[in-house]
1. Give the number of residues within the stretch B:102-114 that are open to solvent by less than 20 Å² (accessible area, probe 1.4 Å) and over 11 Å from the mean Cα position of the chain (by Cα).
2. Do we have A:Leu122 as free of Cβ contacts under 8 Å to residues at least 12 places away in the same chain and within 14 Å of another protein chain (Cβ to nearest Cβ) here?
3. Mind listing just one residue for me: the one in the stretch A:10-32 that is among the hydrophobic types (A, V, I, L, M, F, W, C), open to solvent by less than 20 Å² (accessible area, probe 1.4 Å) and not in a loop (DSSP other than H, G, I, E, B) and, of those, nearest to A:Ala56 (Cα to Cα)?
4. How many of the residues in the stretch A:135-189 are at the interface with another protein chain (Cβ under 7 Å from one of its Cβ atoms), small (Gly, Ala, Ser) and either in contact with a strand residue (DSSP E or B) (Cβ under 8 Å, 6 or more places away or on another chain) or in contact (Cβ under 8 Å) with a residue 60 or more places away in the chain (or both)?
5. Give the residue, chosen from A:Leu61, A:Leu87, that is assigned to a helix (DSSP H, G or I), surrounded by fewer than 17 Cβ atoms within 10 Å (Cβ to Cβ), at pLDDT 85 or above and more than 11 Å from chain B (Cβ to nearest Cβ).
6. Name the single residue that is least open to solvent (accessible area, probe 1.4 Å) among those in the stretch A:90-119 being at the interface with chain B (Cβ under 9 Å from one of its Cβ atoms) and hydroxyl-bearing (Ser, Thr, Tyr).
7. Can you tell me which residue is farthest from the chain's Cα centre (by Cα) among those in the stretch B:1-40 that are away from every other protein chain (no Cβ under 13 Å) and crowded, with 23+ Cβ neighbours inside 10 Å?
8. Could you tell me whether B:Ala90 is surrounded by 21 or more Cβ atoms within 10 Å (Cβ to Cβ), more than 27 Å from A:Phe31 (Cα to Cα) and not basic (Lys, Arg)?
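The values are calculated or read from the model by the stated rules, or taken from the named source; none is laboratory data. None of these values were measured; they are calculated from a predicted model. A quick note on method: Cβ atoms are made from the backbone with ideal geometry, for glycine too, and the neighbour counts reach across all protein chains shown. SASA here: full protein model, heavy atoms, side chains in, ligands and nucleic acids out. Shrake-Rupley method; radii C 1.70, N 1.55, O 1.52, S 1.80 Å.
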Amino acid sequence: MEELRVVILVFISTVLINNFILVKFLGICPFLGVSKQVETAFSMGMATTFVMTLTAAATWLINTYILEYFNLPFLRYVSFIIVIASLVQFVEMFIKKSSPVLYKALGIYLPLITTNCAILGLALLIPLNGYNFITSVVFGLGAGIGFTLAIVLMAGLRETLEFGDVPESLKGVPITLILAGIMAMAFMGFSGLISI
Amino acid sequence: MFKKILYDFKNGLWRENPIIVLVIGMCPTLAVTNTVQNGLAMGIATSFVLLSSEIVISLFKKFIPNNVRIPSFILIIATFVTFTDFFLKAFFPDIASSLSLFIPLIVVNCLILGRQEAFASKNPTRRAIADALGMGIGFTWVLVLLSAVRELLGMGSIFGLTILGSWYQPMVIMILPAGAFISLGVLVGFMNVLKRRGN
């Protein structure tokens with residue numbers, strides 16, 4: 001029962017309170033680059049969530065059974081980035097074979113997930129927080145859903161903003177950053193929602 | 001010859017500044033600029049990794065097969081990042097603990113991989129060095145400026161020294177995530193105004 005409680009709390013806390021984009025500043029590049037339309041933003045979020053969940057599982061296993069077992073902490077960054085790159089490659093091949101429609105919709109964003117710092121950040125946070133296997137997978141899933149939530153909300157705002165009267169110098173990146181700041185303020189309201 | 005190198009060096013300072021013009025490398029820019037010390041340390045660490053990997057890649061560009069160049073670049077970058085991380089942990093443990101996650105995340109900083117792909121893999125080593133120095137300094141000065149603004153408004157100090165006296169009520173929001181987004185947005189907007197005036 002205690003285990004289940006921790007897992008649920010970790011999930012809620014990664015989605016809302018410690019949102020990867022708005023609180024931890026991980027994955028800002030796709031957040032600014034792929035948030036022009038709700039539809040593409042949602043596909044990007046889903047692909048990232050999928051890769052994040054798999055990454056959490058794969059890196060936990062590698063970290064526990066290879067790196068810590070043989071005492072090789074200096075290989076951590078190199079091995080994690082290789083795992084992530086090959087995972088993204090694998091997911092790309094899988095989606096291409098099983099659902100060509102989805103593959104077309106994601107296009108260039110799929111290979112770019114490799115250099116999304118949210119993924120490597122997630123892989124590095126797991127040993128730092130000392131989660132077990134189940135909690136790690138839930139942490140990865142929660143981080144992905146939090147990412148999707150923030151990017152879809154931002155895309156919705158930006159679609160509406162298309163009709164707004166934005167000063168010439170603030171068009172594009174600056175107004176998106178200021179909007180993100182206001183969203184981050186709104187998300188601060190979630191802090192103190194739960195305590196572990 | 002010399003003119004060309006000077007041109008490459010100046011490129012990163014203003015005309016193609018990584019943060020305010022190219023808008024890459026945003027994650028560390030937002031995350032570590034809460035104090036000037038962190039911003040400066042992050043800028044130097046990133047510049048070091050950028051410089052060393054540009055040198056190595058421009059030297060080895062003929063030996064790296066085209067199909068596997070991206071994984072090779074990432075491996076070279078990851079090696080230097082591991083080196084930087086261990087160096088900071090050994091000699092500057094305070095800075096290492098306050099930057100924590102963002103030192104390893106230099107591996108996936110788009111600025112570094114982007115410069116390897118766009119510049120170091122196509123140009124001779126001396127031009128790559130000039131480019132890395134320009135981009136590194138360009139990245140660092142924006143980080144320092146942004147962190148100075150945030151630290152001054154958020155805590156009334158710069159480099160930990162109190163500048164604004166006790167009469168100043170610190171705007172705590174500036175050192176929180178929300179303040180990072182808003183101050184960077186205003187800074188990029190302000191630079192756009194300057195650029196439009198210049199044209």
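1. So the first thing to find is which residues in the stretch B:102-114 are open to solvent by less than 20 Å² (accessible area, probe 1.4 Å), and the list is B:103-109, B:111-112.
In the following step, the residues that additionally are over 11 Å from the mean Cα position of the chain (by Cα) were identified as B:103-105, B:107-108.
Of the residues in that region, 5 qualify.
2. Details: free of Cβ contacts under 8 Å to residues at least 12 places away in the same chain: no; within 14 Å of another protein chain (Cβ to nearest Cβ): yes.
The answer is no for A:Leu122.
3. First, pick out the residues of the stretch A:10-32 that are among the hydrophobic types (A, V, I, L, M, F, W, C): A:10-12, A:15-17, A:20-23, A:25-26, A:28-29, A:31-32.
If we keep only those that are open to solvent by less than 20 Å² (accessible area, probe 1.4 Å) as well, we get A:10, A:15, A:20-22, A:25-26, A:28, A:31.
Then keep just the ones that are not in a loop (DSSP other than H, G, I, E, B); that gives A:10, A:15, A:28, A:31.
Details: A:Val10: 14, A:Val15: 15, A:Ile28: 20, A:Phe31: 21 Å.
Only one residue tops the list, namely A:Val10.
4. 2
5. Details: A:Leu87 fails: surrounded by fewer than 17 Cβ atoms within 10 Å (Cβ to Cβ).
Just one listed residue meets the conditions, A:Leu61.
6. A:Thr114
7. Looking at residues that are away from every other protein chain (no Cβ under 13 Å) and crowded, with 23+ Cβ neighbours inside 10 Å, I get B:Val36.
8. no
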